[in-house]
Amino acid sequence: MSDPEDHPAHTALRDAATEILAPHGLVLEEIVVAGPRTRPEVRLVVDLPEESLGSADLDTVTTASRELSARIDADDSLLGPDPVVLEITTPGVERELTAARHFRRSRGRLLTLTDADDTRYRARLLGLTAADVLLLRQEPGRDDRGRPRRRPAGTPERLEIPRADIVSARVEIEFDPPADLAQLIADAENTASDPTATTKES
C-alpha cells in the first residue's frame, strides 16, 4: 500500500527522509508499506528532482540509505521501537507514469502510450508544456523480423497530446538512444516554455 503524502503515521519519516536526501540531490517519491503489522516492510522510493534528466546514481542512493537507516535506528518516533524491514530504492522502469512529475522525469525516454481513443503509440517524450501537454516524437521501431513498423494511421511524426488524454504510459528499456537527443530535448523545452503551445495534433 502506498501512503498518501499527508498520512499522519509517516509525516515524521517523510520529513526526516527529505532532510537527509536533499544534500544528496535526491527527493522522496513515495512511501510504500507492506507486510504484516508485526514486522512491516517499509519501502522508500527516491529519485532525482523532476527537472533533472537521467537516473539517480546508485552509490549516492546507497550513501543516503545508510544515513537514513542510522537516523531511524536512533529515533523510535520515525518507525517505532519494533523491528521493521526498510528498503530504499529508485523507481523501476515498469512504473506506470501518471503524475506530471513522472513525465518530467522521463523526458528523453522512449514510451509506450495509450490515449483515451485506445490508440497506442511508441514515442519519445521530449517535453511537457506549462499547459500539461506532452511533446512527443513517434518512433514506431521494428518488428521481430526487423521490418519497420508504421505509425498509427493518420498521425504525424510529432505529437502534442494533453496528459489528461493519456490512459496508460510506461518507459521502454533502451540501449541506444539517438545521438541528437540533447538537442531534441532543448528544442522541446523552448516549446514547453511557450504558453501558446497547447494544440493537440491529429
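In segment 24-65, what residues are surrounded by 12 or more Cβ atoms within 10 Å (Cβ to Cβ), among the acidic types (Asp, Glu) and assigned to a loop (DSSP other than H, G, I, E, B)? Within segment 24-65, 50, 57 qualify. When the residues of segment 167-202 are filtered to those that are modelled with pLDDT of 75 or more and small (Gly, Ala, Ser), the one that is surrounded by the most Cβ atoms within 10 Å (Cβ to Cβ) is 188. The strands (runs of 3 or more DSSP E) located wholly in segment 94-190 that include 2 or more residues which are of a type outside the set (Lys, Arg) and touching a helix residue (DSSP H, G or I) at 6+ places or on another chain (Cβ under 8 Å) occupy 120-128, 133-138.
Scanning segment 138-156 for residues that are under 15 Å from residue 112 (Cα atoms) and touching a residue at least 12 places away in the same chain (Cβ under 8 Å) yields 138, 139, 140, 141, 149, 151, 152. Can you report the number of residues in segment 96-121 which are surrounded by fewer than 16 Cβ atoms within 10 Å (Cβ to Cβ) and under 18 Å from the mean Cα position of the chain (by Cα)? Result for segment 96-121: 6.
The values are calculated or read from the model by the stated rules, or taken from the named source; none is laboratory data. The structure presented is a predicted model; accordingly, all values stated were derived computationally and were not measured. In this analysis, Cβ positions are derived from the backbone assuming ideal geometry, glycine residues included, and neighbour counts consider all displayed protein chains.
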